[in-house]
Structures are given as C-alpha cells and as structure tokens.
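J.: Have a look at this one.
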Amino acid sequence: MTALATKWASQFYATLGDDRLAADELKEASMRSDLARWTATLTGVVVRSFEQLGWAAAGKGHRCTVLPVKRNEYLSQDVMAFPGSGSGWRFPVAVCELENSADADLVAYSLWKVLCVRCGLRILFCYRPDSAEGPAFVASLARGVVDAMLISERAALSGETLVVVGSRSDAGTFPYGFFQAWKLNSNTGRFERFARQ
C-alpha cells in the first residue's frame, strides 16, 4: 500500500503538470515573491490534488459540501480533505496549512496547528526566497515545535507529516526545484528529506 504522503505528492505534481495556467501563476508569484498570490494559487492546486485522490476538500474559495455544516475552512485550517463517500461528521484524511509569512514563529505556529489534528496526512507549506535556507529552517521547526512534545506523544503520533518549503529556485526546474519536502520521523523527532516516488 502506498503511503499517503507519497500518493499525495505524486498527485500534487501531476496536478501542477495538468494545470499549466495555475503552474505558470504559481511560478510567477514565486519569482516575484508575491506571497498573497502564491498562497491563493497554491490553495487551489492543493484542493484539486486532494479532489483528484477522491477526497472532498475545503479551503478559501472552495466550499466543502460533504459535512453537515458546509464551510470553506474548518478548525481555522487552510485546507482540509475528507473521505469522498460516507455521511455525517467524518474525520479529515488530510490537513494543510499554507504559511507565507517570513516570521519563523508564525510558520512554527502553523506546524503546531497541523500537528494538533488527528488525520492520515498533515502538510505545512511555507516559503523561503532561497532554497538553500530550507534544510536549516526545517531543522529549526523540529527543534521549536516537535521537541516540545513529550517523547511518548511524538511516538504515538499517527499519520504522516510533511513540511514543504517553496522557493524561487532555478526557473528551469519548476515545479520540482521550487518545492523541497521533508517528512517527520516520529521516532527521532527530526524531519528527513522526502523525495517523491
């Protein structure tokens, strides 16, 4: 069985490949550091990637209709995905925060928010202008947020957690050079480079 993180990452890149308009918009927003536009465009791409997996998604501008209360956002999370079939108050399959702030504390807060949700896949997108900043920044997130958890809580953490750092890297490698991903190893409490399959 393919892990949710691998399955989603593959679909995320496929969605970008299928929607050239959104891909071009995202690339241009990254190159110009237009982070409000980056977030709005990325929200649509993430929602569509979830929907392509057969999940119902909610996000700003994307109303979810599978729960008894129809909303664009639940629990103040930027994007949530729910099983596409069933009824009632089902729990999310995935949750995603898209944090475009340069403030490291706000990014850490967004990581903390997704870690508070019980689901199969938690994703934090954040932005750094230079892709070289990614590894040290993700390591600092682990020290600031994951290290605050009790070891027993961290070890019992179910599901997968990704941190995806967007940047304005080499324009010729979009989207692959623009997004670097790390996956939380709940045993060590550290994020390890995550390569899409």
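J.: Within region 121-141, can you find the residues that are part of a loop (DSSP other than H, G, I, E, B) and touching a residue at least 40 places away in the same chain (Cβ under 8 Å)? Let's see the steps before the verdict.
T.: The initial filter retains those residues of region 121-141 that are part of a loop (DSSP other than H, G, I, E, B), namely 128-130.
Result: Pro129, single match.
J.: For region 5-37, which positions are surrounded by 13 or more Cβ atoms within 10 Å (Cβ to Cβ) and either among the basic types (Lys, Arg) or in contact with an Asp or Glu (Cβ under 6 Å, 6 or more places away or on another chain) (or both)?
T.: Correct list: Ala5, Lys7, Lys27, Arg37.
For every residue, the table says whether it meets (1) of a type outside the set (A, V, I, L, M, F, W, C); (2) surrounded by 17 or more Cβ atoms within 10 Å (Cβ to Cβ); (3) within 14 Å of the chain's Cα centre (by Cα).
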residue: Met80; (1), (2), (3): no, yes, yes
residue: Trp89; (1), (2), (3): no, no, no
residue: Glu97; (1), (2), (3): yes, yes, yes
residue: Trp112; (1), (2), (3): no, yes, yes
residue: Cys119; (1), (2), (3): no, yes, yes
residue: Arg128; (1), (2), (3): yes, yes, no
residue: Pro135; (1), (2), (3): yes, no, no
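J.: Considering only residues that are among the aliphatic types (A, V, I, L, M) and surrounded by 22 or more Cβ atoms within 10 Å (Cβ to Cβ), look in region 57-78 and name the one that is farthest from Ala36 (Cα to Cα). Break it down into steps so the answer makes sense when it comes.
T.: Here is the first cut: in region 57-78, the residues among the aliphatic types (A, V, I, L, M) are 57-58, 66-67, 69, 75.
Now narrow it down to the ones that are surrounded by 22 or more Cβ atoms within 10 Å (Cβ to Cβ): 57-58.
Working: Ala57: 21, Ala58: 19 Å.
In this case the residue turns out to be Ala57.
J.: Please verify whether Arg143 is more than 14 Å from Asp78 (Cβ to Cβ) and basic (Lys, Arg), treating the condition exactly as stated.
T.: Against the criterion (more than 14 Å from Asp78 (Cβ to Cβ) and basic (Lys, Arg)), Arg143 qualifies.
J.: How many residues does region 45-62 hold that are more than 22 Å from Leu115 (Cβ to Cβ) and touching a strand residue (DSSP E or B) at 6+ places or on another chain (Cβ under 7 Å)?
T.: 2
Bear in mind these aren't lab numbers, they're just calculated from the coordinates by the rules spelled out. The model shown is predicted, which means the values in this text are computed figures rather than measured ones. Glycine also receives a Cβ, built like all others from the backbone with ideal geometry; neighbour counts cover every protein chain displayed.
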